[in-house]
Amino acid sequence: MAKNVGANKGLRDDGEPPRPADEPAPAAIARSGEKGRWIYIDKAGFRLYLAEGNKVIDSWGVALGKVPGNKQKAGDMRTPEGSFSVQQIQDARSWTHDFKDGKGVIKNAYGPWFIRLKTGWSGIGIHGTHDPESIGTLTSEGCIRMKNEDLQELKPLVVKGMKVVIGSNAAQEKKEETKSAPEKAVKEKSSPKSGNGKKK
């Protein structure tokens, strides 16, 4: 059956913007000297890119750790940043998990696959979700979540040992600093000063 592409021009059937032929690759991919297929995760943009050398093959939205920034210790709810590799690909269809959110044990919490990453931290991977609405948010315990259908597209293209780079969310943090900078300037400007230059 033909899909109606005219009604929602510029949107995929699942409501996401088109990917990625006309979408510029993040600078990290464009400048990359990588050979072969690899993954780049843009934390600031909540996006996972599958690349071949310095060209984007495809990209998908992701959810990340509840706490922004680079992982510091086990259980800190941060997604680690750096250059890693795929350790193994596991069938996660029977896996369950209690997210400690009052909903108890969730069946199929990790979707169909768990792409385990060798990061130096235990239990970090790219996986599916029972909650597709969480994509694009800081909500995981440190893993990279994808919609199950997107993970199904990615999985056949991933092999053990494949390079996975997780970029920092410095751009996101910088944006927040820039947002608060005008407020700081207004506060300083409106603070009364005496002749000796000290605040009253």
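Side notes on the structure shown:
- Residues satisfying the stated conditions in segment 66-108, i.e. within 23 Å of residue 38 (Cβ to Cβ), of a type in the set (A, V, I, L, M, F, W, C) and either assigned to a loop (DSSP other than H, G, I, E, B) or in contact with a helix residue (DSSP H, G or I) (Cβ under 9 Å, 6 or more places away or on another chain) (or both): 89, 92
- Restricting segment 40-95 to residues that are among the hydroxyl-bearing types (Ser, Thr, Tyr) and surrounded by 20 or more Cβ atoms within 10 Å (Cβ to Cβ), the residue that is nearest to residue 132 (Cα to Cα) is 59.
- Close pairs (6 angstrom Cβ cut-off, 6 or more residues apart or separate chains): in contact (Cβ under 8 Å) with a residue 40 or more places away in the chain in segment 31-44, assigned to a strand (DSSP E or B) and of a type in the set (D, E, K, R) anywhere: 37/52; 38/163
- Residue 173, sole failed condition from (1) loosely packed, with under 15 Cβ neighbours inside 10 Å; (2) at pLDDT 95 or above; (3) touching a Gly at 6+ places or on another chain (Cβ under 9 Å): (2)
- Residue match in segment 130-139 (condition: of a type in the set (A, V, I, L, M) and at pLDDT below 90): no
- Counted residues, segment 98-128 - those being over 24 Å from residue 166 (Cα atoms) and touching a strand residue (DSSP E or B) at 6+ places or on another chain (Cβ under 7 Å): 5
- The set of residues in segment 129-156 being farther than 19 Å from residue 101 by Cβ and either in a loop (DSSP other than H, G, I, E, B) or without any contact (Cβ under 8 Å) to a residue 24 or more places away in the chain (or both) consists of 146, 147, 156.
The values are calculated or read from the model by the stated rules, or taken from the named source; none is laboratory data. Not measured: the values here are computed from a predicted model. In this analysis, Cβ positions are derived from the backbone assuming ideal geometry, glycine residues included, and neighbour counts consider all displayed protein chains.
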